[in-house]
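Notes for the one structure printed next.
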């Protein structure tokens, strides 16, 4: 690992652990509080060490960015002490693996959507669906998916540059604040998803370039990136405003494609007889269905 990569990894570890420590009060951790003059908002380093059952010196070494050789039991104890959720715990393990080259798992990401997946998208004529990678590049979409995300596909950002990327749209196109009704939540989630991916694939140059671009061009992104929040993207409800059919509250699922590392199938499934189902029917009639659009080549 190059010295610059080691320094960047150490900085990520340091900021991740210190921000997790700062958010937990002694009361939340079940610790007694003596006196009223605490210099830190959250736990002190010695309090984390106590909760994790390790020496203060060892915890300080970890928080300074040195996770090399940290055992699973140490990481589990640290995750318990800092009350990490599933995504945060996974991120901590990813950071530790990155610090130990012999334990670094391969992070090859598929770059193309296979014909079988394109045919699957093609068969999904009554729900919007698309395939993206972990950098938010939309690599393929069925016709209804493209129609639903028309404001993204039609953004001037992608007129001369591909692929269509929903994170770039989110932070670099003002139209995104109208498309995503709850833009703040969408922005928080997008940055947390990207932060999660940097732990999984720390040497992905395209990912690094994207983060560098967004950090430089968007204060909103840079501010969120500094929080070191992480999150899994699996299911939920997207609240969108479509210029033709209005406001939509669409349940979604995001499914990994095991044969295509790094790719994910996203689709929206509105309730039967709901206004959203009716709106998607209108959108389908307007757009026509049955043709998958290979978005990366637009």
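Assorted remarks:
- Filter pass, residue 234 being over 28 Å from residue 147 (Cα atoms) and either touching a strand residue (DSSP E or B) at 6+ places or on another chain (Cβ under 6 Å) or surrounded by 15 or more Cβ atoms within 10 Å (Cβ to Cβ) (or both): no
Quick grid of which residues meet (1) farther than 23 Å from residue 195 by Cα; (2) part of a helix (DSSP H, G or I); (3) modelled with pLDDT of 95 or more; (4) outside the structural domain of residue 182 (by TED's automatic domain parsing):
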site: 224; (1), (2), (3), (4): no, yes, yes, no
site: 240; (1), (2), (3), (4): yes, no, yes, no
site: 248; (1), (2), (3), (4): yes, no, yes, no
site: 271; (1), (2), (3), (4): yes, no, no, no
site: 281; (1), (2), (3), (4): yes, yes, no, no
site: 290; (1), (2), (3), (4): yes, no, no, no
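- Subset tally (residues that are buried (at least 21 other Cβ atoms within 10 Å of the Cβ) and in contact with a strand residue (DSSP E or B) (Cβ under 6 Å, 6 or more places away or on another chain)) for region 158-178: 2
- Neighbours by Cβ (under 8 Å, 6+ apart or cross-chain): first from region 256-275, on the phi > 0 side of the Ramachandran plot; second not in a loop (DSSP other than H, G, I, E, B): 262/133
- Count of region 106-118 residues, restricted to those that are in a helix (DSSP H, G or I) and touching a residue at least 12 places away in the same chain (Cβ under 8 Å), is 2.
- Qualifying residues in region 98-120 (those that are touching a helix residue (DSSP H, G or I) at 6+ places or on another chain (Cβ under 9 Å) and crowded, with 17+ Cβ neighbours inside 10 Å) - the one modelled with the lowest pLDDT: 107
- Extreme residue, nearest to residue 262 (Cα to Cα), among residues of region 201-221 that are under 16 Å from the mean Cα position of the chain (by Cα) and outside any helix (DSSP H, G or I): 201
- Which numbered condition residue 195 misses (of (1) more than 24 Å from residue 250 (Cα to Cα); (2) at pLDDT 95 or above; (3) more than 19 Å from the chain's Cα centre (by Cα)): (3)
- Of all residues in region 1-25, those satisfying the criterion of being at pLDDT below 90 and assigned to a helix (DSSP H, G or I) are 3, 4, 5, 6, 7, 8, 9.
- Only one of 85, 72, 94, 122 that is over 25 Å from the mean Cα position of the chain (by Cα) and closer than 27 Å to residue 258 by Cα: 122
The values are calculated or read from the model by the stated rules, or taken from the named source; none is laboratory data. Model, not experiment: these values are computed from the prediction. Positions of Cβ are generated from backbone atoms using ideal geometry, with glycine treated the same way; all protein chains shown enter the neighbour counts.
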